[in-house]
Amino acid sequence: MPATVDGIRAALTADQHQLFDTELGGATVETVADVLRHWVLEVASDPEDEEVFARLEAETSRL
């Protein structure tokens, strides 16, 4: 699972790059973590990532 902006970007398809950059560029200090969480969930699909998914979803639901 990518843990950096560069890691997320590297895992994206060419079509997703522009959308990611647009969303990230439009994020505020308050929303940037939500944007990054969304994209981490988009690119991560390994079974061992399920625990991380659950934690990210719990964090998002508290916001």
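Around VAL35, under 13 Å between beta carbons, what's the net of Lys plus Arg minus Asp minus Glu among the other residues? The partial results should precede the final answer.
Details: positive: ARG9, ARG37; negative: ASP21, GLU23, GLU30, ASP34, GLU42.
In short, -3.
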Note down the relative contact order for the chain as a percent, whole number, built from C-alpha pairs under 8 angstrom at least six residues apart.
40
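May I ask you to compute the full-extension gain from ASP21 to ALA54, defined as 0.36 nm times their residue separation minus their alpha-carbon distance, rounded to one decimal in nm? Mind dumping the intermediate values first?
On the way: separation 33, 0.36 × 33 = 11.88 nm, distance 2.51 nm.
Gain in length upon complete extension: 9.4 nm.
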Once both label points are put 7 Å beyond Cα along the C-beta direction, the MET1-ASP34 separation in nm becomes 2.0
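So, counting K/R as plus one and D/E as minus one, what does the shell of residues with Cβ under 15 Å around GLN16 add up to? Show your work: numbers first, answer last.
On the way: positive: ARG9; negative: ASP6, ASP15, ASP21, GLU23, GLU42.
Counting the neighbours of GLN16, the net charge comes to -4.
Order the peptides 22-29, 8-15 from the highest to the lowest mean number of other Cβ atoms within 10 Å of their residues.
Numbers: 22-29: 11.0, 8-15: 13.2.
Ranking, from highest mean packing down: 8-15, 22-29.
No lab work stands behind these numbers, since they all come straight from the coordinates. Only a predicted model underlies this, so the values are computations on that prediction, with no experimental measurement involved. We place every Cβ from the backbone using ideal geometry, glycine too, and count neighbours over all the protein chains shown.
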